[in-house]
1. Restricting attention to segment 123-177, and to residues there that are basic (Lys, Arg) and more than 24 Å from the chain's Cα centre (by Cα), which single residue is farthest from GLN213 (Cα to Cα)?
2. Quick check: is even one residue across segment 267-281 assigned by TED's automatic domain parsing to the domain that holds PRO340, free of Cβ contacts under 8 Å to residues at least 12 places away in the same chain, surrounded by fewer than 20 Cβ atoms within 10 Å (Cβ to Cβ) and of a type outside the set (A, V, I, L, M, F, W, C)?
3. Please enumerate the residues belonging to segment 1-43 that are in contact with a helix residue (DSSP H, G or I) (Cβ under 9 Å, 6 or more places away or on another chain), of a type in the set (S, T, N, Q) and closer than 21 Å to ILE56 by Cβ.
4. Of the conditions (1) part of a strand (DSSP E or B); (2) under 38 Å from the mean Cα position of the chain (by Cα), ILE46 fails just one. Which one is it?
5. Is it fair to say SER116 is at pLDDT 95 or above, surrounded by fewer than 17 Cβ atoms within 10 Å (Cβ to Cβ), at positive phi and not acidic (Asp, Glu)?
6. Evaluate segment 374-387: report whether one residue or more is in a helix (DSSP H, G or I), touching a residue at least 12 places away in the same chain (Cβ under 8 Å) and within 14 Å of the chain's Cα centre (by Cα).
7. Output the residues belonging to segment 123-140 that are among the aliphatic types (A, V, I, L, M) and closer than 19 Å to LYS21 by Cβ.
Amino acid sequence: MTIKDIQDLISGDENRVLELKKSTGELKDAMRSACAFLNTDGGWIIFGITPTSLRIVGQQVTDNTKKEIGQEIAKLYPAIDLKPTYVPIPDKPDFYVIALHFNAWPRGTTPYTYDSRPYYRLESITKIMPREMFEARIRESKPHLYAWERLQADGFNIEDLDNNLIAGVIRSGVKGGRLSGSALGETTENILSKFQLLNQGKPNNAAVALFAQETGWYTQLELRMARFKGNGKNEFGDNQSLRGNFFNLFDAGMAFFFKHLNLSGKITGIRREEELEIPYVALREALTNALCHRTYDEIGPSVGIAIYDDRVEIENPGSFPPHLTAETIKQPHDSHPRNPLIANVLYLSTYLEKWGSGVSRIIEACKQQGVPEPTYEDRGGSIHIVFKRKSFTLSDDPQNDTQNGKNEPQNEPQNEENEPQNEPQNAILDKLSKRQCQIMNIINSNPQTTKDEMAQILNTSESTIARDLKQINKHIVVIWIGPSKGGHWEIKG
């Protein structure tokens, strides 16, 4: 390193990654900034520069100077291997500029302290790291000891988990090619052990979040759902909340979307296709991400769905990973799941993909349907993904269609028993009533949706859904596979 290199470094004045000191007389203050650099994006500390005028003055370096620098560097924990650079000043014998470079904090490692206190960098200012940030980094650096999802669940046994849900996950994983067929014959305890959901034979928090029949005191395992009148929160059109495991909350959230968002049909060639105004794939991915990647440590905050006349917002308690922002999250990035045990089960059951591709799939689904891609907002303690929708009043809401007689067909289609069974599915939709088309769309979108859930979505009775399914089966075979809870629909025609 030369004086020219030093001049280039200091040309932009002090900033997030640069701190200037006139001499090592400010060594202790400089080491606080060194700790902050190590906990943030890295940076340079340079002695021998006047911070205000940026004049290179240098200083004499003795054995005692080097000893003092070494002693202060040794107060950084974890220990670092750092060799200061001494740059001689031309035409000023025995005077040097002292440069120290510090690497950025690697995500998932222990935070640094100086003299037993942690610091971080905020623009050009060094600040004491907040306790919440420090503890979060400690938990992340030692997930086997501190991660919420790995802690043993108080008061829960394997018998408190839903065996039908666990079996459904295994079937989905085998069908999706992510689990071996041999998994179908394994015991529940073996499966949970392989998924790392047991601590000494007892369920951990991840097991409860995924499969608990009753979630008890876990207030984090809640989904808030609201349909507001207009574009603000002054008046509710619908207001619900539900506590349960991931799959309960996911199904309830998707049902709420179907209840309150427009379902439209379009003719493609000679076929009729039904689609939600916001792509089902995008909503499914966004809700899955919110329930999977949220911060579970805090008791109180919960995932929320808010539907307004002009937008849909999904609220996720937590913050962006350190390497991502509301702008960069749309760019290609690696996957850093906050709750890797939960994420792994959702991946194996095909609810979730790996490799950080979720956001790109959301954007692609919106692009294919010709709707605006969503925006991401960090609102301090929660992340919101916002989908725009065409502005309309609550009177146009799909939940009111049945009340107004819009969804009820005046005449049920009279189909003969010998109607052909092998027609293309989209062509068959032309022969069904509007509600029957909606049932087919729900089944295609989420094969795990039960008749009772369809009845809630379409604001009708379960017996009406059963009658519609009987009519549908005159054209195409739609059957329920598995137990009443944890099974799925299959289309055979």
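The values are calculated or read from the model by the stated rules, or taken from the named source; none is laboratory data. Only a predicted model underlies this, so the values are computations on that prediction, with no experimental measurement involved. Methodologically, a virtual Cβ is constructed for each residue, glycine included, from the backbone with ideal geometry; neighbour enumeration extends over all protein chains shown.
1. By that ranking, first place goes to LYS127.
2. Yes, that holds for at least one residue.
3. Answer for segment 1-43, where residues must be in contact with a helix residue (DSSP H, G or I) (Cβ under 9 Å, 6 or more places away or on another chain), of a type in the set (S, T, N, Q) and closer than 21 Å to ILE56 by Cβ: just THR24.
4. Unmet for ILE46, out of (1) part of a strand (DSSP E or B); (2) under 38 Å from the mean Cα position of the chain (by Cα): (2).
5. Considered against the rule, which asks whether it is at pLDDT 95 or above, surrounded by fewer than 17 Cβ atoms within 10 Å (Cβ to Cβ), at positive phi and not acidic (Asp, Glu), SER116 comes out as yes.
6. no
7. Within segment 123-140, just ILE125 meets the criteria.
Residue by residue, here is whether (1) at pLDDT below 90; (2) within 30 Å of PHE211 (Cβ to Cβ); (3) not aromatic (Phe, Trp, Tyr) holds:
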| site | (1), (2), (3) |
| --- | --- |
| VAL345 | no, yes, yes |
| VAL359 | yes, yes, yes |
| GLU412 | yes, no, yes |
| GLU417 | yes, no, yes |
| LEU429 | yes, no, yes |
| ILE443 | yes, yes, yes |
